[in-house]
Amino acid sequence: MNLRTTLRTATRQDHERVDQLGGGFDLAKPADYGAFLLGHAAVLPPLEAALDAAPPQDLPPGWPERRRAKALLADLAELGLTAPPPSPIAVPATSAARVGALYVLEGSRLGGILLRRRLAQAQPGAPSAYLAHGDGQPLWRTFLEWLDSRALDPAETHAAIDGARGVFAAFEAGFRHAATRPA
Ligand code: HEM
């Protein structure tokens, strides 16, 4: 089984939880869309900043162009919102944990493509720089090539799964917190 399939299988339920929570925001309502973005903003900017400090060999090709914090904060500003305090997150401290964290960050683009289409229908003209980031670029394919080139032993694979699950848990906390915001 390759590393992507191992990570996907090990985090299926984590993904189902964030998918459900993220899907709970009604993208037709500006306040809900704002809350959805705030849920992301509690995790993505601090996590990208932490990964920025990693040794270059621990980052996928084109890392600087993959970063989405600027696009996310620009969308929030257009909605009159500012980034919330960061969610509690275990910053990935090893190369293997970073592999797992990056898998979740880069994989979340796939749902973004679907959500962007929903947003365009539900709220034409809503700021969508974040969900549209990387459109037309083969970022997921080149990420998977990089992921497949990682040779992790069983202990490292375990650390990568933990790294991935830590990031999913932070997004879950971010969505749960954002969902408590008054409409
Ligand atoms: C409403 C919210 C979400 C929806 C509708 C959604 C939907 C999707 C879809 C359609 C895929 C592609 C599945 C496939 O190719 O088989 C996907 C993959 C993925 N999503 Fe989500 N997603 C959501 C939220 C998230 C969030 C918040 C994260 C992480 C922060 C995330 C992480 C991932 C990952 C890592 C994959 C790649 C799985 C793989 O194929 O290896 N998703 N998502």
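Accessible surface comparison of 11, 180, probe 1.4 Å, protein chains only, largest first: the order is 180, 11.
Give me the 1.4 Å probe accessible area per residue for the stretch 25-179, excluding ligands and nucleic acids, in Å².
On the way: 7100 Å² over 155 residues.
Ligands and nucleic acids excluded, the result is 46 Å² per residue.
Against the chain, whose longest principal axis comes from its Cα atoms, helix 12-23 is set at around 10 degrees.
For the stretch 32-183, with all protein chains in place and a probe radius of 1.4 Å, 59% of the accessible heavy-atom surface sits on carbon or sulfur. Extension gain, residue 28 to residue 13, is 2.7 nm, computed as 0.36 nm per intervening residue step minus the present C-alpha separation. Modelled label positions at residue 74 and residue 5, each set 7 Å beyond Cα in the direction of Cβ, lie 3.9 nm from each other. Helix 139-148 and the longest principal axis of the Cα set of the chain meet at an angle near 20°. Each of 58, 135 has its accessible area taken with a 1.4 Å probe; listed largest first, they run 135, 58. With the charge dipole of the stretch 25-179 set up from +1 on Lys and Arg Cβ and -1 on Asp and Glu Cβ about the Cα centre, the Cα lying farthest toward the positive end among the listed residues 84, 49, 144 is that of 84.
Measuring with a 1.4 angstrom probe and ignoring ligands and nucleic acids, residue 6 comes out at about 30 Å² accessible. The angle between the Cα long axis of helix 30-41 and the main principal axis of the chain comes to about 20°, on a 0 to 90 degree scale.
Find the relative contact order for the stretch 1-107 and round it to a whole percent, using C-alpha pairs within less than 8 Å whose residues are 6+ positions apart. Worked out over the stretch 1-107, it gives 31 percent. Projecting label points 7 angstrom from Cα along Cα→Cβ for residue 176 and residue 155 puts them 3.2 nm apart. Placing unit charges on the Cβ atoms only, positive for Lys and Arg and negative for Asp and Glu, gives the chain a dipole magnitude near 340 debye about its Cα centre. Each label point was placed 7 Å from the Cα along the Cα-to-Cβ direction; for residue 135 and residue 120 their separation is 0.5 nm.
The values are calculated or read from the model by the stated rules, or taken from the named source; none is laboratory data. Here the structure is a predicted model, which means the values were calculated and not measured. No Cβ is skipped: glycine too gets one built from the backbone with ideal geometry, and neighbour counts run over all protein chains shown. Accessible surface areas use protein heavy atoms only, side chains included; no ligands, DNA or RNA. Shrake-Rupley method; radii C 1.70, N 1.55, O 1.52, S 1.80 Å.
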